[in-house]
Amino acid sequence: MIRLSALASVVVVLATTGQTPARDRAAEVPVGTGAIAGVVRDADAQPLRRASVTVTGDMRVERRVITGDDGRFEFDDLPAGRFSVAAEKPAYPSMTYGAKRPGRAGSGVLLADGQRVTNLVLTLARGAVLSGTVFDDRGQPMPEQNVMAYEVRTSLTGERVLDFPFTGGEWVTTDDRGQYRIYGLPPGEYTVGTYWAFHGLPSEARVPADAETRAAVQAASQSSSAVPGGPIGAPQPASPDAAHYNYSPVYYPDATDPMAAATVTVKSGEERDGIDLHMRLIALSRIEGTVVGPAGPVPNVGMVLDRRSRVTALNSATFWGTRPDGTFTTASQTPGDYTIMAATRPAAGEQPMWASSDVTIAGSDPINVTLVLQPAMTIAGRLVFESATLAAPKNLSAVRFILQGLGGRAMPNAARTTFDEAGGFSITGVTPGRFRFITSVPGAAAGQGGWSIKSVILDGQDVTDLPLEISAGRSPSMTVTFTDQSSELSGRLIVGAGDVASDYFIVLLPADRDYWVSGSRRIASARPDQAGNYLFRGLPPGQYRLAATTDLVPRDLQSVEALEQLAAQSTPVTLGFGEKKSFDLRIGGR
């Protein structure tokens, strides 16, 4: 299987002396006299050879070994600390020691100085398999088609979403019989669909118009009876309005809407065959039109076409520009919801202009759109610094404001912020949309003598830690208040009658579900130390829920299902402004 991976470009600058400065050298990885050893087994308790076992620690420790024929592994010279031990093998979803399900964090192993833990057992269960055949619109097998499995989950907004399995974005290609096989899947609910690698649809086709067909037949007839070297009829030019066709991306069994696809629930080791895909040859369309400003059509305007699928992984954006006469034409597109956008490239000192239109493609007829440019909006406001110990920063230009677009739209946003000495600010070049407002003041982190955000008031409404809704034609005012005081929550996790437990995650989440949003500072997790102590810093005041679990991965904090499960077994706790509260969380006992 082929796996999607993130590509990063790294530039390394070396000192002219040829020696890396001490500040840039990686810190030495600590060693000690501890050890972790054990065995990897399969679901039948048989040793699993050639499995890869990794140990990672809090102090940059990361090592990997391969199990022998007896399934055993061993790591020596480990320092004291907490370690995670995980095993994986092709066709087997990875497991971490102490985890209840594949791909979870597990409980970890705590080592004291010189301690040797030699009895760990990690069990790898064979992954599930989905297989089937891809057929074309005539029922014939289609080779060389990319197919991917998508996991069905629920987002923080409560919507049913498709996402890559925790193993990553993997796809397979059908063989000469049109058959595919996806293996190594953890237990769960899935659907299967074709995968187009975000590059659109290649090799579209069209049905010739009647005039083209008659001209072609006439030309062929004349050429068969013509004198060698003599003239023949000229070919009929293609009709510019002729419909173009291509195979649409489909999802099990033949849905073009991924959210309408049938799903399959599989257990460990289960093999489900017959998950067939039936391709659909459909008419394509295109969007064409003109971008106009106050003086008429505008050339060289930046254009963006953004597909708005409910499956974020399937969305893509296409960038181009208008012609010298201000007109534009997109490439052929499959049915669906799109947003077409235009934004000027202003010179220094000029105000950006923008235009946007939502378009639904449902047939083969071209869709004509006129985009009328209008000035970008401005948010005016002021900064307030409420201090108990710190002086307000003198250089306000160092304050960072970011409007991070939500919802996956690629609308260009040339927002720029300027400040005056009195604390006033102006954010210009704002285009409409739904944003996450991120702001910070350079200096120490919150809770360590630095500034943290206390409140954001937009047109008189408190939107602190909530998405900002900026609509067209609106010029809102904003007051952003910073404070050098922040709330802290600390305590111990106590299990049963009084045992201290460190092999847990402590999860903090807001009681108000309006704050269950991606990236919220009100949703956090922490691992207790060896004494069971935990600490959350830099929290805003409010009503919270505190829960403990041994089964957590980062994306759980973005899943409404996971948060609901945690909330159902949580304990309420209230934090006041600037309060440093100690709260012991007890589970499994009174």
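Using the per-residue mean of other Cβ atoms lying within 10 Å as a proxy for protection, in what order, highest first, do the peptides 575-584, 124-133 fall? Display every interim value, and only then the final one.
Details: 575-584: 13.7, 124-133: 20.8.
By packing density, highest mean first, the sequence is 124-133, 575-584.
May I ask you to sort Thr118, Thr334 by Cβ crowding, counting other Cβ atoms within 10 Å and putting the fewest first?
Least to most surrounded, the residues fall as Thr118, Thr334.
Round to a whole angstrom and tell me the spacing of the C-alpha centers of region 419-443 and region 454-533.
Going from one Cα centre to the other spans 21 Å.
Which order, highest average first, do 417-425, 562-570, 301-309 follow once you tally other Cβ atoms within 10 Å for each residue and take the mean per peptide? Write down the numbers at each step before the final one.
On the way: 417-425: 13.4, 562-570: 17.1, 301-309: 19.3.
Going by the mean number of other Cβ atoms within 10 Å, highest first, we get 301-309, 562-570, 417-425.
When we measure straight from the Cα of Lys581, which lysines land under 24 angstrom away, once same-chain ones fewer than 8 places off are left out?
Lys454
Provide the net charge surrounding Pro93, with neighbours chosen by a C-beta distance below 11 Å and charges set as Lys +1, Arg +1, Asp -1, Glu -1. Each step should come with its number before you reach the end.
Working: positive: Lys89, Arg101, Arg104, Arg126; negative: Glu88.
Overall, the nearby charge balance is +3.
How big is D, in µm² s⁻¹, for region 27-144 by Stokes-Einstein at 4 °C and 1.567 mPa s if Rh is the Kirkwood radius over C-alpha pairs? Walk me through the intermediate numbers first.
Details: Rh = 15.8 Å.
Rounded, D is 82 µm²/s.
Relative contact order for region 488-587: what is it in percent, counting Cα pairs under 8 Å that are at least 6 residues apart? Before the final figure, lay out the partial values.
Values: 204 pairs, mean separation 39.4, N = 100.
The normalised contact order for region 488-587 reaches 39 percent.
Can you order the peptides 488-494, 391-397 by their average number of other Cβ atoms within 10 Å per residue, highest first?
Details: 488-494: 19.4, 391-397: 11.9.
Answer by packing, highest mean first, reads 488-494, 391-397.
Taking K and R as +1 and D and E as -1, what net charge do the other residues with C-beta under 12 Å from the C-beta of Gln179 add up to? Intermediate values should be presented prior to the final figure.
Details: positive: Arg177, Arg181; negative: Glu144, Asp175, Asp176, Asp273, Asp276.
Around Gln179, the surrounding residues sum to -3.
Fewest first, what order do Phe73, Phe401 take by the number of other Cβ atoms within 10 Å? Present the calculation step by step, with values, prior to reporting the outcome.
Values: Phe73 24, Phe401 19.
So the residues, fewest neighbours to most, are Phe401, Phe73.
Among the lysines, which fall within straight-line cross-link reach of Lys267, defined as a Cα-Cα distance under 19 Å, with same-chain neighbours fewer than 8 residues apart omitted?
Partners found: Lys89, Lys100.
Read-outs: derived from the displayed coordinates by stated rules, not from any lab. Computed from a predicted structure; not experimentally measured. Methodologically, a virtual Cβ is constructed for each residue, glycine included, from the backbone with ideal geometry; neighbour enumeration extends over all protein chains shown.
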